[in-house]
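The values are calculated or read from the model by the stated rules, or taken from the named source; none is laboratory data. What you are looking at is a predicted structure, and each value in this text was computed from that prediction instead of being measured. In this analysis, Cβ positions are derived from the backbone assuming ideal geometry, glycine residues included, and neighbour counts consider all displayed protein chains. Accessible surface is based on the protein model in full, side chains and every heavy atom, while ligands, DNA and RNA are left aside. Shrake-Rupley method; radii C 1.70, N 1.55, O 1.52, S 1.80 Å.
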Amino acid sequence: MTQNVESLGALERRIDLSLPATEVRKEIDKRLAKLSRTVRMPGFRPGKVPMKMIAASYGPQVESEVLNDQIGAAFVRAVGEAKLRVAGAPRVEPKPAADGAADLGFAATFEVYPEITLGDLAGVEVKRAVCPVGEAEVDATIDIMRKQRAEFEPVSRAAAAGDRVTIDFKGTQDGVAFEGGTAQGYPFVLGEGRMLPEFEAAVTGMTPGATKTFPLTFPNDYGSRDLAGKTVQFEVALQKVEQPKLPAVDAEFAKSLGIEDGDVAKMRAEIKSNLDREVNSRLKSRTKDSVMEALAGLAQFDLPKALVAEDQQRLVEMARADMASRGMDVKDAPIPAELFTAQAERRVRLGLVVGEVVAREGLAVRPDQVRRLVEEMAQSYERPQDVINWYLSDRKRLAELESVALENNVMDWVLGKAKVVDTAVPFDELMGRGAPRQ
């Protein structure tokens, strides 16, 4: 039974709840009786354990379960009657019982979702990323494919970017070799970024048979906590230098890319088609970032602290998982949730604005949109129908695509309302093909 709803602030509310003590007691007795039919205790057959012993052993647990269930049900009824949208879990505390009271009293403190008033998008500038794909971009992609299929031939000269070098090396810290810092006959290509830039710079210019000793300071975020930020010494001996020999763009090259008849023109057309698909995906992602930035500033309102706290914890867990994936020991590593306050607040604000837009403008995802998205993604695979079936057979995977489709709906709506400025993005930058690190 709801007694009153009290406003404690912009979003915080308190609601009083009461439960008939006789009903609570009746439900506890009912559950204990049910439990008595199966509970086992030494010296008694199943179903023959005295109720007094069952109550002594299981009473507190059953009472807690009954109270949680009935308080939860009462809370749901109360907020429903008051037409409140609850944000996060409530904090429930017992209230002192009045003399002779037949009911159990509780106070539930919680937050509600804010009222959101959206601003006008007409004057908001949104950047739409553009990047045409032509013959030059196809040529650049083919060059990368050629490098991936390069054969290497030995040369007697100084090592340069693009060469494959084979080295012996030994790293020491305060004169002692450290784990993972020693290797024999280790090959890598200069400029591909497999080694730290300072290490590659030291090897560049060495000739076969040469040796070198040099200091190296590991980055502060290096995967090993024992080495992060520390300066060590490396001894390197260069065994050989090999320069790349790129394959010709001919029928054999086309066949290596899956063009059975070796038709180079057909190969270029397929590369162009794949590039168009990949470029459009990356452009959409960049444009979406600009759209979401515009939406985040479209409305100002108080944020439910409970939702921010929940998102902070999610970000902490994501950070832990990322650190663990890079080989860092995160078991005892403290990650204060406060580090993610600003990020969590932005994410919560954006999520609430997007939800308001979707509800107000009727942008819910239709099944045909998800199906079309699945089919588009499947086209980049050798057997598209297998990929389509794989997505359609799993509800979790479909839910992920529904989220993407929803974001697409919101993006299209914003682009139709805001001031859109086309912004050219260089092809290499879009594809993450920056200059090799030296």
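Got at least one residue in segment 369-376 being in contact with a Pro (Cβ under 9 Å, 6 or more places away or on another chain), open to solvent by 50 Å² or more (accessible area, probe 1.4 Å), in a helix (DSSP H, G or I) and touching a residue at least 12 places away in the same chain (Cβ under 8 Å)? Within segment 369-376 (the criterion being in contact with a Pro (Cβ under 9 Å, 6 or more places away or on another chain), open to solvent by 50 Å² or more (accessible area, probe 1.4 Å), in a helix (DSSP H, G or I) and touching a residue at least 12 places away in the same chain (Cβ under 8 Å)), the answer is yes, since at least one residue qualifies. Counting just the residues of segment 1-20 that are modelled with pLDDT of 90 or more and among the hydrophobic types (A, V, I, L, M, F, W, C), which one comes out nearest to residue 64 (Cα to Cα)? Within segment 1-20, the match that is nearest to residue 64 (Cα to Cα) is 19. In segment 304-331, how many residues are touching a strand residue (DSSP E or B) at 6+ places or on another chain (Cβ under 9 Å) and in a loop (DSSP other than H, G, I, E, B)? Here the count works out to 1.
Yes or no, residue by residue, for (1) modelled with pLDDT of 95 or more; (2) of a type in the set (A, V, I, L, M):
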residue: 197; (1), (2): no, no
residue: 201; (1), (2): yes, yes
residue: 230; (1), (2): no, no
residue: 243; (1), (2): yes, no
residue: 258; (1), (2): no, no
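The set of residues in segment 377-406 that are assigned to a helix (DSSP H, G or I) and polar (S, T, N, Q) comprises 385, 389, 403. If the condition is being more than 17 Å from residue 277 (Cα to Cα), within 25 Å of the chain's Cα centre (by Cα) and among the polar types (S, T, N, Q), then segment 379-394 contributes 389, 393. Assess whether residue 422 counts as being in contact (Cβ under 8 Å) with a residue 40 or more places away in the chain, open to solvent by 70 Å² or more (accessible area, probe 1.4 Å) and outside any helix (DSSP H, G or I). Spelling it out, residue 422 is indeed in contact (Cβ under 8 Å) with a residue 40 or more places away in the chain, open to solvent by 70 Å² or more (accessible area, probe 1.4 Å) and outside any helix (DSSP H, G or I). For segment 260-309, the set of residues classified as within 29 Å of the chain's Cα centre (by Cα) and of a type in the set (Val, Ile, Thr) consists of 279, 287, 291, 308, listed by residue number.
Restrict the check to segment 395-403 and report whether at least one residue is open to solvent by 50 Å² or more (accessible area, probe 1.4 Å), of a type in the set (Ser, Thr, Tyr) and over 22 Å from residue 289 (Cβ atoms). No: zero hits. The set of residues in segment 310-327 being loosely packed, with under 15 Cβ neighbours inside 10 Å and among the small types (Gly, Ala, Ser) consists of 321, 324, 325, 327.
Close Cβ contacts (under 7 Å, 6 or more residues apart or on different chains) running from residues in segment 138-151 that are over 15 Å from residue 192 (Cβ atoms) to residues that are charged (D, E, K, R) and surrounded by 13 or more Cβ atoms within 10 Å (Cβ to Cβ) comprise 138/268; 138/272. Every condition in (1) basic (Lys, Arg); (2) under 28 Å from residue 147 (Cα atoms); (3) free of Cβ contacts under 8 Å to residues at least 12 places away in the same chain; (4) not in a helix (DSSP H, G or I) holds for residue 240 except the one numbered (3). Within segment 29-49, does at least one residue satisfy the condition of being within 30 Å of residue 115 (Cβ to Cβ) and loosely packed, with under 11 Cβ neighbours inside 10 Å? Checked against the condition, which is being within 30 Å of residue 115 (Cβ to Cβ) and loosely packed, with under 11 Cβ neighbours inside 10 Å, segment 29-49 yields no hits at all.
Within segment 185-200, if we keep just the residues that are part of a strand (DSSP E or B) and closer than 30 Å to residue 252 by Cβ, the residue that is most open to solvent (accessible area, probe 1.4 Å) turns out to be 187. The residue that is nearest to the chain's Cα centre (by Cα), among those in segment 167-195 that are modelled with pLDDT under 95 and among the acidic types (Asp, Glu), is 192. The residue that is most open to solvent (accessible area, probe 1.4 Å), among those in segment 4-28 that are among the polar types (S, T, N, Q) and either touching a residue at least 40 places away in the same chain (Cβ under 8 Å) or touching a His at 6+ places or on another chain (Cβ under 7 Å) (or both), is 22. For segment 352-365, taking the residues that are of a type outside the set (A, V, I, L, M, F, W, C) and in contact (Cβ under 8 Å) with a residue 24 or more places away in the chain, the one that is most open to solvent (accessible area, probe 1.4 Å) is identified as 360.
Of the candidates 172, 166, 217, 182, the single residue that is in contact with a Lys or Arg (Cβ under 6 Å, 6 or more places away or on another chain), under 29 Å from residue 324 (Cβ atoms), surrounded by 13 or more Cβ atoms within 10 Å (Cβ to Cβ) and in contact (Cβ under 8 Å) with a residue 12 or more places away in the chain is 182.
The condition (being touching a Ser or Thr at 6+ places or on another chain (Cβ under 6 Å) and not acidic (Asp, Glu)) is satisfied by just one residue among 55, 78: 78.
The combined condition, being over 30 Å from residue 75 (Cβ atoms) and among the β-branched types (Val, Ile, Thr), is fulfilled by residue 165. Residues in segment 196-221 that are within 35 Å of the chain's Cα centre (by Cα) and aliphatic (A, V, I, L, M): 196, 201, 216.
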